[in-house]
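Asks: Quick one: structure below, then a few questions.
What follows draws every value from the coordinates through simple rules; no lab data is involved. What you are looking at is a predicted structure, and each value in this text was computed from that prediction instead of being measured. No Cβ is skipped: glycine too gets one built from the backbone with ideal geometry, and neighbour counts run over all protein chains shown.
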Amino acid sequence: MSSSSTNSVIKSWVIYASSADDTRRIQRVVDTIFSDYSYYMEIEWSQYGFSPPQNHNVLGAWRKDKSVFVFLLTLNDISELLLYVAGDAGEIALVEHNIADLKKIIKAEDKKEREI
């Protein structure tokens, strides 16, 4: 990742999926959580100076203006996901609220699924 901002921060969270269906569900939830962000297409990565770490499959990428860049990546296999967030430190603090919402939604869906 490169950036001209000296106040840039990188944070990441690992999410474990139990199946390919679970991975797709998590991907859908992440897409919903970041619905107010723009999709961040690969052709824009050099323009904005933020790209995901090498050697990972990108399942989704979003940006908020030029301040925060979010990537959902696979790690070793499809069941290990990495939510990788880079950008302005103040904006990333706000993203952490989205991550808390993500955890709540996944936990609620897991509970609902076990009850069925």
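Asks: Scan (1) under 15 Å from the mean Cα position of the chain (by Cα); (2) exposed (fewer than 12 other Cβ atoms within 10 Å of the Cβ) for the single condition Leu83 breaks and write down its number.
Replies: Every condition holds for Leu83 apart from (2).
Asks: Within segment 43-54, is even one residue part of a strand (DSSP E or B), surrounded by fewer than 20 Cβ atoms within 10 Å (Cβ to Cβ) and either under 12 Å from the mean Cα position of the chain (by Cα) or among the aliphatic types (A, V, I, L, M) (or both)?
Replies: No, segment 43-54 contains no residue that is part of a strand (DSSP E or B), surrounded by fewer than 20 Cβ atoms within 10 Å (Cβ to Cβ) and either under 12 Å from the mean Cα position of the chain (by Cα) or among the aliphatic types (A, V, I, L, M) (or both).
Asks: Pick out the one residue from Asp36, Asp77 that is in a loop (DSSP other than H, G, I, E, B), over 24 Å from Ser18 (Cα atoms) and of a type in the set (Asp, Glu).
Replies: The match here is Asp36.
Asks: Tell me, which residue of segment 10-55 that is in contact (Cβ under 8 Å) with a residue 60 or more places away in the chain and of a type in the set (Gly, Ala, Ser) is nearest to Leu94 (Cα to Cα)?
Replies: Among those that are in contact (Cβ under 8 Å) with a residue 60 or more places away in the chain and of a type in the set (Gly, Ala, Ser), it is Ser12.
Asks: Moving on to the next point. Out of Ala108, Ala100, report the one residue that is in a helix (DSSP H, G or I), free of Cβ contacts under 8 Å to residues at least 60 places away in the same chain and within 14 Å of the chain's Cα centre (by Cα).
Replies: Going through Ala108, Ala100 in turn, the sole match is Ala100.
Asks: A further question on this structure: As an exercise: evaluate Ala93 against (1) of a type in the set (A, V, I, L, M); (2) crowded, with 19+ Cβ neighbours inside 10 Å; (3) without any contact (Cβ under 8 Å) to a residue 60 or more places away in the chain and give the number of the one condition it does not meet.
Replies: Ala93 satisfies all of (1) of a type in the set (A, V, I, L, M); (2) crowded, with 19+ Cβ neighbours inside 10 Å; (3) without any contact (Cβ under 8 Å) to a residue 60 or more places away in the chain except (2).
Asks: Being of a type in the set (Phe, Trp, Tyr), without any contact (Cβ under 8 Å) to a residue 24 or more places away in the chain and buried (at least 16 other Cβ atoms within 10 Å of the Cβ) is the requirement here; does Trp62 meet it?
Replies: No; evaluated as a whole, the condition is false for this residue.
Asks: Yes or no: Leu73 touching a residue at least 12 places away in the same chain (Cβ under 8 Å) and touching a Pro at 6+ places or on another chain (Cβ under 9 Å)?
Replies: yes
Asks: Taking the residues in segment 11-28 that are of a type in the set (A, V, I, L, M, F, W, C) and surrounded by 15 or more Cβ atoms within 10 Å (Cβ to Cβ) as candidates, determine which candidate is nearest to Leu81 (Cα to Cα).
Replies: Ile15
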